[in-house]
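Asker: Here it is: the structure, laid out below.
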Amino acid sequence: TQETLVLVKPDGVARGLTGAILARIEAKGYALVDIRLVEPDRERLEAHYAEHAGKPFYEPLLEFMMSGPSVAIRVAGNRVIEGFRSLAGATDPTTAAPGTIRGDYGRDWGLKVQQNLVHGSDSPESAARELAIWF
Ligand code: GTP
Ligand code: MG
């Protein structure tokens with residue numbers, strides 16, 4: 001079995017979508033191993049988003065992620081890394097497919113950063129690294 005880091009980002013928490021997102025994770029049969037509400041400081045976010053340092057959306061992304069608490073979830077299951085990213089849908093909520101978290105709930109406000117409700121690790125290496133940052 002595999003583990004991944006899921007974040008319900010500040011827009012998801014502020015809009016009261018944490019329960020709906022947890023329900024989708026549970027309905028798929030994944031296990032919630034650990035969960036916590038986190039108000040990340042800049043240092044934690046710089047570590048988490050190191051791969052994006054220097055990109056145009058990097059600063060707005062960090063500011064958005066510091067705008068309120070996120071819910072960090074350690075999720076376990078068979079091929080859960082790929083499976084959760086499939087549940088989440090495409091990065092841009094404008095075009096994310098219906099039936100996905102971002103497709104069903106994500107809005108396009110034309111902002112500087114994609115406010116796309118959730119984060120999911122993209123590889124086993126990322127998952128191990130990110131789980132150590134948030135738990
Ligand atoms: P995560 O699961 O959050 O990591 O999303 P992802 O893997 O689909 O996207 P990626 O890791 O490439 O980018 C991290 C986050 O930066 C995204 O979730 C968006 O919030 C934001 N982001 C990524 N690419 C862009 C972009 O081209 N423009 C803007 N405005 N924001 C972006
Ligand atoms: Mg990513």
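Asker: Could you run the Debye sum over the Cα atoms of the stretch 59-135, one equal point scatterer each and no solvent, and tell me log10 of I(q)/I(0) at q = 0.15, 0.17, 0.22 Å⁻¹, two decimals?
Answerer: -0.58, -0.74, -1.15
Asker: Further, regarding this structure: Please report the base-10 log of the normalised intensity I(q)/I(0) for the chain, using a Debye sum with one equal scatterer per alpha carbon and no solvent, at each q in 0.13, 0.15, 0.16 (1/Å).
Answerer: -0.49, -0.67, -0.77
Asker: Can you sort 121, 86 from fewest to most other Cβ atoms within 10 Å of each residue's own Cβ?
Answerer: The fewest-first ordering by Cβ neighbours comes to 86, 121.
Asker: Give the residues of the stretch 7-51 whose amide nitrogen is closer than 18 Å to a point set 7 Å from the Cα of residue 1 in the direction of its Cβ.
Answerer: Those under the cut-off are 22-36.
Throughout, read-outs are computed from the coordinates displayed, never taken from laboratory work. These figures come from a predicted structure and were not determined experimentally. Glycine gets a Cβ as well: all are built from the backbone with ideal geometry, and neighbour counts include every protein chain shown.
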